[in-house]
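Right, one structure below, let's go through it.
The values are calculated or read from the model by the stated rules, or taken from the named source; none is laboratory data. Small disclaimer: the values here were computed from a predicted structure and weren't measured. Here Cβ is always computed from backbone atoms with ideal geometry, including for glycine, and neighbour counts include all displayed protein chains. Only protein heavy atoms, including side chains, enter the accessible area calculation; ligands, DNA and RNA are left aside. Shrake-Rupley method; radii C 1.70, N 1.55, O 1.52, S 1.80 Å.
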Amino acid sequence: MKFSEVVGHDSLKQHLVQSVKEQRIAHAQLFLGKEGSGALPLALAYATLVNCEQPEETDSCGVCNSCRKIAHYMHADLHFTFPTISPHKQSRELIEIWRKSLKASPYLTYKHWLTDLEAENKQGNITADEVKDIVKRLALKTVEGKYKIQLIWGAEFLGKEGNMLLKILEEPP
């Protein structure tokens, strides 16, 4: 996804582009907004820009290998975490449904996500197994991009498991 595809947030987009130009990319960033406000597309556009092989003045190129892979949510250094439903304990078990949902709408809402999962009356959550997997993934080196990116969508569904992430956020490898 490119910044030009994200509706609104012009000053924030400029700030993010400037941080990449100045190579001042923080190891952890929080994109917070109401459902459907564009926080997820903004984070995806930022992930695309930081790993773009031929960035333009105000956006990613959209045509390099990295941009194309991120556009299909299949880049080796872009990892997704999102609420899952039982019996699934890790996001990677549902990654194909996640990709399909994002392709349908990057402005995905929690309600639409549960509908896509056919969750019926189940509630989504991010499990301790998922958090352990995040820590393990982030300890590895990048495979093909400049940066390894862990995108956590629905962090409010972490519960107590979120405490396990504090160490890696406070002291990244």
Practice item. Starting from the alpha-carbon convex hull of region 76-138, give the projected area averaged over all orientations, in nm². Key: 4.4
Study note, to complete from the structure: For region 1-95, Rg(Cα) over 2.2 N^0.38 Å is 1.14
Exercise for review: Would you work out what percent of the accessible area of the chain, with all protein chains in place, is carbon or sulfur (probe 1.4 Å)?
Suggested key: 53
Practice item. May I ask you to list the trypsin sites (Lys or Arg not before Pro) in region 7-70 that are in a DSSP loop and have at most 14 other Cβ atoms within 10 Å of their Cβ? Key: 24, 34
Exercise for review: Give the longest segment of the chain that steers clear of GluC sites (Glu not before Pro) in DSSP loops with at most 15 neighbouring Cβ atoms within 10 Å, not counting the sites themselves.
Suggested key: 58-117
Exercise for review: Return the long-range amide H neighbours of residue 150 (sequence gap of 5 or more, or a different chain), with a cut-off of under 5 Å between placed amide H atoms.
Suggested key: 79
**Study point:** Sequence-distant residues sharing a close amide H with residue 84 (under 5 Å, placed H)
**Key:** 125, 126, 127
Check your understanding: Along the charge dipole of the chain, which of 110, 75, 38 sits closest to the positive end, that is, farthest toward it, with unit charges on the beta carbon of Lys, Arg, Asp and Glu (+1, +1, -1, -1)?
Key -> 75
Review point. In debye, nearest 20: dipole of region 1-60 around its Cα centre with unit charges on the Cβ of K, R (+) and D, E (-)?
Key: 200
Exercise for review: Find the accessible area per residue for the chain; the probe is 1.4 Å, ligands and nucleic acids are left out, and the unit is Å².
Suggested key: 58
